[in-house]
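The values are calculated or read from the model by the stated rules, or taken from the named source; none is laboratory data. Please read all numbers here as calculations on a predicted model, not as lab measurements. As a convention, Cβ positions derive from the backbone with ideal geometry for all residues, glycine included, and neighbour counts pool all protein chains shown. Surface accessibility is based on the protein's heavy atoms, side chains included, excluding ligands, DNA and RNA. Shrake-Rupley method; radii C 1.70, N 1.55, O 1.52, S 1.80 Å.
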Amino acid sequence: LITLETLKNVDRGEIIKFIRKFGLPIIIGSDVPTSKQIKKIASIFNAISFIPESPLTFKEKIKLTRSFDYKDLHQRDALASSLKAFKYYSKSLNKLKQEIKSNYEEAIILFFKKKKNIKEIKERLFKT
C-alpha cells in the first residue's frame, strides 16, 4: 500500500491519473464483490482485480484495520480491502520470496502480471 486517499466526485480518468502518479499497480482491490469499476481500472493497468466473494463485513473491516490510522470510512474500507488482498496473496508472496532471493520485484511482476509459476520465473530470471 503506497497511499490511502479519499477521492470524491471524480471520474475514472482522474482515478487512473492519480494511480499513475505512484507507478503501475499489480493488484487493484475492492471491499464489495460487485465492483465493475475496479475490474475496468485493473484492466487498464493489466493488473489483477481482487474482489471478495462476499462483501467484507463491518467486523472484518474493523479487525483488519485496527492497527492502522485512517481519516474516514472510505479509507477504512479501502485499507481493509488492501489488507484482505495482501492476506489472500501472502502465502504465494512468501513462497516466491523464499525461492527467488534476488530480482524479487521482477519476480512479483512475472508472477502476477504475466501469470508465470515459480519454475518459469526461475528459468526466465536465471536462464536455467
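In deg cm²/dmol, rounded to 500, what helix-only [θ] at 222 nm does the chain give when every DSSP H run of at least 4 residues adds -39500 (n - 2.57) and the total is split over its residues? Display every interim value, and only then the final one.
Details: 6 runs with 71 residues, N = 128.
Helix-only estimate at 222 nm: -17000 deg cm²/dmol.
Couplings 3J(HN,Hα) of region 36-44, computed from phi: 5, 4, 4, 4, 5, 5, 4, 4, 4 Hz, in residue order, whole Hz [Karplus 6.51 cos²θ - 1.76 cosθ + 1.60, θ = phi - 60°; x for Gly and Pro]. In the context of the full protein assembly, residue 72 retains an accessible surface of approximately 50 Å², using a probe radius of 1.4 Å and ignoring ligands and nucleic acids.
Ignoring aspartates and glutamates fewer than eight residues from residue 36 along the same chain, the ones with Cα atoms less than 18 angstrom from its Cα are 11, 14, 53, 77. Less than 5 angstrom separates the built amide H of residue 28 from those of 48, 49, 50, all sequence-distant by 5 or more or on a different chain. Let me know the shape class of region 27-101, please: from the alpha-carbon gyration tensor, a ≥ b ≥ c as square roots of the eigenvalues, rounded when a/c is under 1.5, otherwise prolate if a/b is greater than b/c, or oblate. Cα axes put region 27-101 in the oblate bin.
Taking a threshold of 30 Å on the Cα-Cα distance, which of the pairs 39/91; 8/115; 59/91 fall above it?
Numbers: 39/91 23 Å; 8/115 34 Å; 59/91 24 Å.
From 39/91; 8/115; 59/91, over 30 Å: 8/115.
Taking Cα atoms only, the orientation of helix 73-99 departs from the longest principal axis of the chain by about 10 degrees. Rounded to the nearest 20, the Cβ-based charge dipole of the chain about its Cα centre (Lys and Arg +1, Asp and Glu -1) stands at 380 debye. Computed packing ranks the peptides 64-71, 24-31 as 24-31, 64-71, most packed first, by mean other Cβ atoms within 10 Å.
Rounded to the nearest whole Hz, the Karplus-based 3J(HN,Hα) values (6.51 cos²θ - 1.76 cosθ + 1.60, θ = phi - 60°) of region 51-57 follow the sequence 10, x, 5, 9, x, 5, 7, with x at glycine and proline. Averaged over its residues, region 10-128 has an accessible area of 69 Å² per residue, based on protein heavy atoms and a 1.4 Å probe.
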